[in-house]
Amino acid sequence: MRRTIGNALESTTLKCARIAVDIGSTVVKIARLDSNGEVESQQLVPRDFEAGIARQVESLLERCDAVLEAEEVLVCSSANGGLQVGIGCLSKRFSGAVMRNQVLLAGANPVFVHDFDEEGGSLTHVDILLVGGGVNCEDSIHLERRLRRFDPKRYQFGSLVYAGNSHLASLFAELFSNAAIVSNPLADELGGRSLSVFEAVRRAFLDDLVYKEGVSELKGSLSTGIHPTPEIVSRGFQRALANSSAIKLSGPCVVLDIGGATTDLHYTVEVVRDDSEERPSPGVSAARFVFTDLGIAASRQRLVLQLRSYPRLYEFLTCVLDDNIQDVYQTLREGEWEPPPLLLSYACLFIALDRFAHGKGPGLPTADLARIEQVLLTGGASQAMREEVIARVLGLFRSENNGVPAIFIDRRYQLWVDGITWSGQASM
C-alpha cells in the first residue's frame, strides 16, 4: 500500500515553472519544463570555471530564451559540497536525532553527534557547531548543569548555534557571547515539529554557497531564490512517496544520489532494523544520510583509498567485472591500478549499502537490506550504471530467498525536477 508523507499538497506543481537549473560541482543541468512541471528537454553542460557561475548560467539561460529575473526560473546548487555541521546535545536519541534530521533536510552534512558528556570532543573542523537539548520547561537544573560544563574549545568550528531549551537560551548567550540563538526544535514535545534548525542551517548553507561560489553575482531572484540541491532531492523523494510523481514508490525503499563529492542515501524507516541502536527522528516516515567521502570526482582519492583496503573487495569486483578479476584485485590492492569512473560509481553504491547494513556512520541506523522492495539511483555518477550489475551488488547483502528488489535509474533526473517544482510541505 502506498504511503503519504507530510501535509496534503496545496498544489502538485508550480504552474509558472519553465526552466529549472542545477549548479553542481562539475556540471550545470538545465531542464525546460511544460506547464505541468514535466520535462520537455534538458541538457548537461560542464562547468566553465574560467567564466564563473554567473556568466555561464546567465549565458545558458539566454540561449533558452529565459527571462533572467523572472520567477519562472528555478535554481538549486550543490557547488560547494554542503556545510559541515557538528552537533552537541543532551540526548543522541531525541534532541540529537531531531537536529541531525533537520540539518540533513536543509542540505548540510552532519559530521558528528555528541552528547554533552562526550570525552575529547572532535578535531574535525565544522562550519557550524549546533548545541541543543530538552523541551521548553523552566525546571531544567540537570540541563543547566551540563550546559555550564560544556566546553566548545574541544571542537573546531566557524559558528556556534544554540537550539535547546528556550529557558536556558539567555544563559548560553551569557556563557558564550559569540553564539547565535534559534528556536528549540523540540519545543514542548520530543517529536520535534518546529523547523527552526532547518531554517537556520539552510540560510547558512545558502550564504556559504552564495559567497564562496560567486552565486551572488547572478542577477536578481536567481541568487536570492536558490535552493540547496540535497533539499530538492529530499523533496522529490517525498513527492514520490506521496503518490504525486511519475516515479512510483511503495513499500520499503531507498534512493541513492551518487555524485562527484558525496553519495546521499534516502530511505523509508521500514528498512531500519528493529534492534538498531540509532533511529530516525521520532514520528518521521523517511530520512536521509550523506556519505561525505563517497564521490567519483571531488572525493575520488578518499574513495579509492577505502576501496583498495575494503574487506569485501574481491566479492565486489566479481559483481562489477566480467573478466581479469584476479589481476584487477591484485593491482588495485597494491595501488598500481586506477579504477575508471564507472567502477567507482558502483563502489559508492557498494560501500554505502555495506555501511547502512552495519550502521557505520554518525547517526546512521542499522538496516535490514533484505526488506528493501525498491531501489532508485539518481545523480550524475549513476547515469552509466546498469540495472543487472546493481542487482548483483545488492545480492551481496541479501539471500537468494529475498529475490531482487525493483531497480530504477533516474536517467531523466525526474526526482530533481519533482523536488524543485513541488509546493508540498517538507517533513523528513
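The values are calculated or read from the model by the stated rules, or taken from the named source; none is laboratory data. Note that the structure is a prediction, hence the values are computed from the model and not measured. Cβ atoms come from the backbone with ideal geometry, glycine included; neighbour counts cover every protein chain shown. Just so you know, the surface numbers come from the protein's heavy atoms only, side chains and all, with ligands and any DNA or RNA stripped out. Shrake-Rupley method; radii C 1.70, N 1.55, O 1.52, S 1.80 Å.
General remarks:
- Net length available on complete extension from Gln301 to Asn178 is 40.6 nm, with 0.36 nm assigned per residue and the Cα-Cα distance removed.
- Each peptide among 86-93, 292-299, 317-324 gets the average number of other Cβ atoms lying within 10 Å of its residues, and from highest to lowest they stand as 86-93, 292-299, 317-324.
- Solvent exposure of segment 378-426 amounts to 40 Å² per residue of accessible area, where only protein heavy atoms count and the probe is 1.4 Å.
- When the alpha-carbon atoms of segment 323-424 are used, the pair Rg, Dmax equals 15.9, 52 angstrom.
- The alpha carbons of segment 43-164 occupy a box of 62, 31, 20 Å along the principal axes, longest dimension given first.
- When all protein chains stay in place and ligands, DNA and RNA are ignored, the 1.4 Å accessible-area order of Asp65, Asp22, Asp151, largest first, is Asp65, Asp151, Asp22.
- Normalising by residue count, segment 300-342 has a Cα convex hull of 68 Å³ per residue.
- Cα→Cβ-extended label distance, 7 Å offset, between Asp274 and Gln156, nm: 4.4 nm
- Heavy-atom accessible surface of segment 271-330, averaged per residue, reaches 50 Å², computed with a 1.4 Å probe.
- Of all DSSP-defined beta bridges confined to segment 238-364, some 100% are antiparallel rather than parallel.
- Cα centroid separation, segment 313-341 to segment 261-292: 30 Å.
- Applying 1/(1 + (r/R0)^6) with R0 = 45 Å to the Cβ-Cβ distance of Asn402 and Ser170 gives a FRET efficiency near 0.25.
- Hits among aspartates and glutamates - C-alpha to C-alpha of Lys153 under 19 Å, sequence gap 8 or more where chains match: Asp115, Asp117, Glu118, Glu119, Asp127, Glu144, Glu174
- Across the accessible surface of segment 335-381, with the other protein chains kept in place and a 1.4 Å probe, carbon and sulfur atoms take up 51 percent.
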